[in-house]
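Just below is one structure, and these are the notes that go with it.
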Amino acid sequence: YPLVTGVQTCALPICFPVTVYQRPEYSVSSFAVGGTWLWRISDAVSWTNALRVERNEAHMGGVLAAASYYPYAAYDQRFATVAANSGLTYKATDLDTFRLTFGRGVQNPSLINSGYNDALNLAPNTVLDLEGNPNLKPTVVQSYEIAYDRKLPALLSTARIGVYYQDRKSTRLNS
């Protein structure tokens, strides 16, 4: 990334070459702790829970192009995310099982989406400035399901009927 050369500023009839210098150094650090709890309440009922808490920090160092849309401070981000799963299972008979489940998944913005920064010389007087948006928040998906499973021993399989709902909060801007 160090130099994008050949860009020119023209005041007819004289053109002056301009060099766009940048060498961004975007970094993200993550720390997470998680755990799972499996509880067999009885021979027929079990409950599984999992939780993950993650702390993320992002920082922009190096040199940004002078005309960068976002300043250095915009890339300094700190946020925490929580992902979780829970499932309650009731085995009514050897063939019949009822399930109630919840899940919460989190996907952090990629380095390209949130921190990419580059200037490309396309032609004289034409620079393509590509910048990630440091204000993106993680995407959160929550799902809920109620299901009934029936083992079909004669077919060596299981049939499932369920109702499923998903709520997605797409990547959006920090306020």
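Roughly speaking, to the nearest percent, how much of the range 20-155's 1.4 Å accessible area is carbon and sulfur? Roughly 59 percent of what the probe reaches on the range 20-155 is carbon or sulfur.
Solvent-accessible surface (1.4 Å probe) assigned to T126 amounts to roughly 60 Å². Residues of the range 126-156 with an amide N closer than 20 Å to a point placed 7 Å from the Cα of Q166 along the Cα-to-Cβ direction: 137-148.
Note down the net charge around V33, summing +1 for each Lys or Arg and -1 for each Asp or Glu among other residues with Cβ under 15 Å from its Cβ.
Neighbourhood net charge equals +1.
For N133 and D118 in one chain, what is 0.36 nm times their gap in residues minus the Cα-Cα distance, to one decimal in nm? The partial results should precede the final answer.
Values: separation 15, 0.36 × 15 = 5.40 nm, distance 1.26 nm.
Here the answer is 4.1 nm.
For K91, a cut-off of 24 angstrom between C-alpha atoms picks up these lysines, skipping any fewer than 8 places away in its own chain: K151.
In Å², and per residue, what accessible area does the range 50-126 have when probed at 1.4 Å with the other protein chains present? Show your work: numbers first, answer last.
Details: 4410 Å² over 77 residues.
That works out to 57 Å² for each residue.
The values are calculated or read from the model by the stated rules, or taken from the named source; none is laboratory data. Quantities reported herein were computed from a predicted structural model and do not represent experimental measurements. Heads up, the Cβs are rebuilt from the backbone with ideal geometry, glycines too, and the neighbour counts pull from every protein chain shown. Quick note on the areas: whole protein, heavy atoms, side chains included, nothing else; ligands and nucleic acids left out. Shrake-Rupley method; radii C 1.70, N 1.55, O 1.52, S 1.80 Å.
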